[in-house]
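Enquirer: My questions will all concern the structure given below.
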Ligand code: SF4
Ligand code: SF4
């Protein structure tokens, strides 16, 4: 195995323009989560407070800046965004400005939360979407990665959303080989339908070999960085990359994307306006986006 340089140097890292700032992601609860998945690429968990929760006032300030810059849509992520004490008012504040997608592990979606989600959906001028993470069609497949008992809780949360007529996208991390094979995809769609989703959507995500995943299996190596080195990105790849049209807002500042939360070199500025510039794809995780086609968008 080749020695692993931390990042590619500027001369070898592919350049990526910011085609437009269309999307703003909010790292709403920092690294705080109510579970601690073994494949979590940003090592979130109940005791993980190294990236703090965002103040509601800061979220609103960034929303106003985003509107002024012509941003078209928003994502809430974490950690678990529903742990934010002002989650629902921030959902309302965001939906007053544009479409919103919330990425959640579904654990906190009970009848009450599903009802609130439905009201937010009904009251909003813009579209409101939810993405729920589930890593298998059985407890035996999901729980070793997401934690004991999570299959039952997550599927109950999805069923609550279905009961109020919402149809979240289900995201599945390819934590074992074959999970994203064609047969498994159609089986997963059928499974989502069995939970009550009338218009099931299932999104498979390749593994990111950083954070806790690095310890569960293995991290990137020098060959991964070498695969990126000197690449010229086609217009199709540029368009597909989340970082060509979005930025991630955290309590510490604005970063390239939701993947590189722990990479100090991915911090770009204190305001969105400061980040309206091209970036260099110098991190090993970029290989998963560029070569394996990972896109964080729904
Ligand atoms: S993968 Fe998602 S649900 Fe799991 S610990 Fe990380 S942030 Fe929480
Ligand atoms: S990890 Fe992916 S989304 Fe983040 S900067 Fe690299 S290519 Fe872009």
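Enquirer: Would you list the helices (runs of 4 or more DSSP H) that sit entirely within the stretch 114-197 and hold 1 or more residues that are in contact with a strand residue (DSSP E or B) (Cβ under 7 Å, 6 or more places away or on another chain)? Show your work before the answer.
Expert: Details: elements: 139-146, 150-163, 182-194.
Passing ranges, in order: 150-163, 182-194.
Enquirer: Scan the stretch 52-73 and tell me whether some residue there is within 16 Å of ligand 1 (Cβ to nearest atom) and either modelled with pLDDT under 95 or outside any loop (DSSP other than H, G, I, E, B) (or both).
Expert: Start the filter on the stretch 52-73 by keeping residues that are within 16 Å of ligand 1 (Cβ to nearest atom), which leaves 52-54.
Imposing the further condition that a residue be either modelled with pLDDT under 95 or outside any loop (DSSP other than H, G, I, E, B) (or both) reduces the set to none.
No, the stretch 52-73 contains no residue that is within 16 Å of ligand 1 (Cβ to nearest atom) and either modelled with pLDDT under 95 or outside any loop (DSSP other than H, G, I, E, B) (or both).
Enquirer: Can you name the number of the only condition in (1) more than 15 Å from residue 15 (Cα to Cα); (2) within 9 Å of ligand 2 (Cβ to nearest atom); (3) not in a loop (DSSP other than H, G, I, E, B) that residue 290 fails?
Expert: Single failed check for residue 290: (1).
Enquirer: Where the second residue is away from ligand 1 (no atom under 16 Å from the Cβ) and not in a loop (DSSP other than H, G, I, E, B) and the first is on the phi > 0 side of the Ramachandran plot and lies in the stretch 275-298, which pairs have Cβ atoms under 8 Å and are six or more apart or on separate chains?
Expert: 293/240
Enquirer: Here is a further query. Give just the number: which of (1) surrounded by 20 or more Cβ atoms within 10 Å (Cβ to Cβ); (2) away from ligand 2 (no atom under 16 Å from the Cβ) does residue 116 not satisfy?
Expert: Of the numbered conditions (1) surrounded by 20 or more Cβ atoms within 10 Å (Cβ to Cβ); (2) away from ligand 2 (no atom under 16 Å from the Cβ), the odd one out for residue 116 is (1).
Enquirer: Within the stretch 249-262, can you find the residues that are more than 16 Å from the chain's Cα centre (by Cα) and either crowded, with 18+ Cβ neighbours inside 10 Å or within 16 Å of ligand 1 (Cβ to nearest atom) (or both)?
Expert: Taking the stretch 249-262 as the starting set, the residues that turn out to be more than 16 Å from the chain's Cα centre (by Cα) are 251-253.
Result: 251, single match.
Enquirer: Taking the residues in the stretch 226-248 that are over 27 Å from residue 59 (Cα atoms) and in a helix (DSSP H, G or I) as candidates, determine which candidate is farthest from the chain's Cα centre (by Cα).
Expert: So the first thing to find is which residues in the stretch 226-248 are over 27 Å from residue 59 (Cα atoms), and the list is 226-238.
Still in the running and in a helix (DSSP H, G or I): 226-228, 235-238.
Details: 226: 26, 227: 24, 228: 22, 235: 23, 236: 21, 237: 19, 238: 19 Å.
So, considering only residues that are over 27 Å from residue 59 (Cα atoms) and in a helix (DSSP H, G or I), the one farthest from the chain's Cα centre (by Cα) is 226.
Enquirer: State yes or no: is residue 30 surrounded by 21 or more Cβ atoms within 10 Å (Cβ to Cβ), touching a residue at least 12 places away in the same chain (Cβ under 8 Å) and in a loop (DSSP other than H, G, I, E, B)?
Expert: Details: surrounded by 21 or more Cβ atoms within 10 Å (Cβ to Cβ): yes; touching a residue at least 12 places away in the same chain (Cβ under 8 Å): yes; in a loop (DSSP other than H, G, I, E, B): yes.
For residue 30, the condition - surrounded by 21 or more Cβ atoms within 10 Å (Cβ to Cβ), touching a residue at least 12 places away in the same chain (Cβ under 8 Å) and in a loop (DSSP other than H, G, I, E, B) - is met.
Enquirer: So which of 200, 206, 168 ends up being within 15 Å of ligand 2 (Cβ to nearest atom) and either without any contact (Cβ under 8 Å) to a residue 24 or more places away in the chain or touching a helix residue (DSSP H, G or I) at 6+ places or on another chain (Cβ under 7 Å) (or both)? Give the steps one after another, and end with the answer.
Expert: Values: 200 fails: within 15 Å of ligand 2 (Cβ to nearest atom); 168 fails: within 15 Å of ligand 2 (Cβ to nearest atom).
Exactly one residue qualifies, and that residue is 206.
Enquirer: Among (1) in contact (Cβ under 8 Å) with a residue 40 or more places away in the chain; (2) surrounded by fewer than 22 Cβ atoms within 10 Å (Cβ to Cβ), there is one condition residue 68 misses while meeting the rest; what is its number?
Expert: Residue 68 satisfies every listed condition except (1).
Enquirer: Something else now. Of the conditions (1) in contact (Cβ under 8 Å) with a residue 60 or more places away in the chain; (2) on the phi > 0 side of the Ramachandran plot; (3) buried (at least 23 other Cβ atoms within 10 Å of the Cβ), residue 24 clears all except one; give me its number.
Expert: Here residue 24 meets the rest and fails (2).
The values are calculated or read from the model by the stated rules, or taken from the named source; none is laboratory data. Bear in mind the structure is a predicted one, so any value in this text is a computation, not a measurement. Positions of Cβ are backbone-derived with ideal geometry, glycine not excepted, and every protein chain shown enters the neighbour counts.
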